[in-house]
Amino acid sequence: MKKLLVIGSGGREHALAWRLAQGADIEKVYVAPGNAGTAATEKLENLPLSAHADLIEFVKKEGIAFTVVGPEAPLAAGVVDDFRAAGLGIFGPEKAAAQLESSKDFAKAFMKRHGIPTADYETFTDPAAARAYVEKKGAPIVIKADGLAAGKGVVVAMTLKEATDAIDSMLEGHQFGQAGARVVIEDFLAGEEASFIVMVDGEHILPLATSQDHKRLLDADKGPNTGGMGAYSPAPVVTPEIHDQVMREIIRPTVEGMAKEGVRYTGFLYAGLMISRRADGSADVRTLEFNCRMGDPETQPIMMRIRSNFADTVEAAIAGRLDEAKIEWDSRSALGVVVAARGYPEHPEKGAVFEAMPENSADARIFHAGTKLDQEGRTTVSGGRVLCAVGLGNTLREAQTTAYALARGVKFDGMQMRSDIGWRAIRD
Ligand code: AMP
Ligand code: GLY
């Protein structure tokens, strides 16, 4: 029997830890630090540690078989480098590889060097030069803070004024501090987005099921960008033909390009795609961004669809044997609806106590994100995205019906959710 560790505290980590714990040979999955949902899930246990040295000491003492890293911040801080230096098995990219996410300028220059399709761009530190560039290019145009900004560092400017305001607040107002001291300005791309996530062991690549996120706060993709308000898997927009094209034009050149530059990429690799059709009918698929981790909330529906022992897959990846690994997928669709706190994403209100929480079933499951237990052991709201209710169904519509029935059983003051998750794929 094995014990595992998952680092993180969001819905992605609840889903990862829950799926890993389903393996018959898994005794326990620790989640550091975890949330109220991971605290209450069978075979999961929260671990209130975050310093790398403390985690390493715990893993050695407890005989943890391996560790999986959920969020980007510990990866950018070198948690994988530190675990490997201590001789411990961990799944994630080292700090140098995590630059694909932690610096948009690095990612764009890397894509240019290796001929990976993406929007044309330039990078600026000087506000006057940046303003001159957008005036030359015109709107719509996209302004991105170079560094990590928790999903908030991208402004899709539909007018020149929005573009110059974004430049001013990043380069002059220091809105994102150091993360926004450099900005990438890139061409606006139209089309449909999809999330393409693979596992990489340095050499071999195992694609996970495709998915689609919903970045905007409100129905019909209106309102501000968020971390993600809901997701489903599979994403029908990624046809088998487009899947092959993404592997050939984006994923393999990325893994091989990193290796050529002396950085073995290991861990989850997430390419955010923009898909459109050219006049001749061929697919134009470009990379909007790389993440060096799984998506949140994409992970929640993806994990619901795994039927095989996922711990075996991660273990094979850590051992460099992903070419021998396989994942058995549930052929059904999964759809997840994020329930957020009042005020999200700008100023989420914390502290509300849960008045109702529905039961999970085989086809309907709640993954917690911004929740914690208060002194009296009650579940309370502690973050903007509070939970994700996931349903499985023979069709995406069935999955949607199941997910919303579950989400509507949740009750806390100020809860908000979109009512149209899945709309692009459910058009009847
Ligand atoms: P990113 O964090 O780079 O994925 O950007 C966040 C969101 O902004 C994306 O999911 C897209 O919806 C949008 N976005 C980013 N880059 C572009 C672009 N070049 N054209 C149009 N929309 C974009
Ligand atoms: N849901 C988008 C992300 O995780 O980056």
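The values are calculated or read from the model by the stated rules, or taken from the named source; none is laboratory data. Since we're looking at a predicted model, the values are computed, not measured. Glycine also receives a Cβ, built like all others from the backbone with ideal geometry; neighbour counts cover every protein chain displayed. What goes into the accessible areas is simple: the full protein's heavy atoms, side chains included, and nothing from ligands, DNA or RNA. Shrake-Rupley method; radii C 1.70, N 1.55, O 1.52, S 1.80 Å.
Return the carbon/sulfur percentage of the accessible area of the stretch 1-154, one whole number, probe 1.4 Å, all protein chains in place. Don't jump to the answer; show the numbers that get you there.
Numbers: 2940 of 5880 Å².
About 50 percent, which is the carbon plus sulfur part of the accessible surface.
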Radius of gyration and maximum dimension Dmax of the stretch 283-428, Cα, Å: 17.3, 55
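Taking square-rooted eigenvalues a ≥ b ≥ c of the alpha carbon gyration tensor, is the stretch 219-289 rounded, prolate or oblate, where a/c under 1.5 means rounded and, failing that, a/b exceeding b/c means prolate? Could the numbers behind the result be given before it?
Numbers: a/c = 2.19, a/b = 1.32, b/c = 1.66.
The shape class here is oblate.
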For the stretch 329-383, shape from the Cα gyration tensor axes a ≥ b ≥ c, cut at a/c of 1.5 then a/b versus b/c, turns out oblate
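What is the stretch 273-428's relative contact order, in percent, from Cα pairs under 8 angstrom and six or more apart in sequence? Walk me through the numbers on the way to the answer.
Working: 282 pairs, mean separation 36.2, N = 156.
Over the stretch 273-428, the number comes to 23 percent.
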Where the centroid of each part is defined by its Cα atoms, how far is the stretch 1-67 from the stretch 254-285 in Å? 31
Counting only residues 5 or more apart in sequence or on a different chain, those whose built amide H sits under 5 Å from that of Ala139 are Leu160
Which ³J(HN,Hα) values in Hz, rounded to whole numbers, follow from the phi angles of the stretch 333-341 under the Karplus curve 6.51 cos²θ - 1.76 cosθ + 1.60, where θ = phi - 60° and Gly and Pro get x? 8, 10, 9, x, 10, 7, 9, 10, 7
Once both label points are put 7 Å beyond Cα along the C-beta direction, the Ala259-Arg397 separation in nm becomes 4.5
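What shape does the chain take by its C-alpha gyration tensor, where a ≥ b ≥ c are the square roots of the eigenvalues and a/c under 1.5 counts as rounded, a/b above b/c as prolate, and the rest as oblate? Spell out each step's value before the answer.
Values: a/c = 1.38, a/b = 1.22, b/c = 1.13.
The shape class here is rounded.
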Under 5 Å, built H, 5+ apart or other chain: amide partners of Val386: Val339, Ala340, Ala341, Gly370
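Kindly provide the helix-only [θ] at 222 nm of the chain, computed as the sum of -39,500 (n - 2.57) over DSSP H runs of four or more divided by all residues, to the nearest 500 deg cm²/dmol?
Numbers: 14 runs with 120 residues, N = 428.
Theoretical 222 nm ellipticity from helices: -8000 deg cm²/dmol.
Once you have the Kirkwood Rh of the stretch 240-325 from its Cα pairs, apply Stokes-Einstein at 25 °C and 0.890 mPa s and quote D in µm²/s. Display every interim value, and only then the final one.
Details: Rh = 15.0 Å.
Reported coefficient: 164 µm²/s.
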From the backbone phi of the stretch 65-72, what are the Karplus-calculated ³J(HN,Hα) couplings (6.51 cos²θ - 1.76 cosθ + 1.60, θ = phi - 60°) in whole Hz, Gly and Pro given as x? 5, 6, 10, 10, 9, x, x, 6
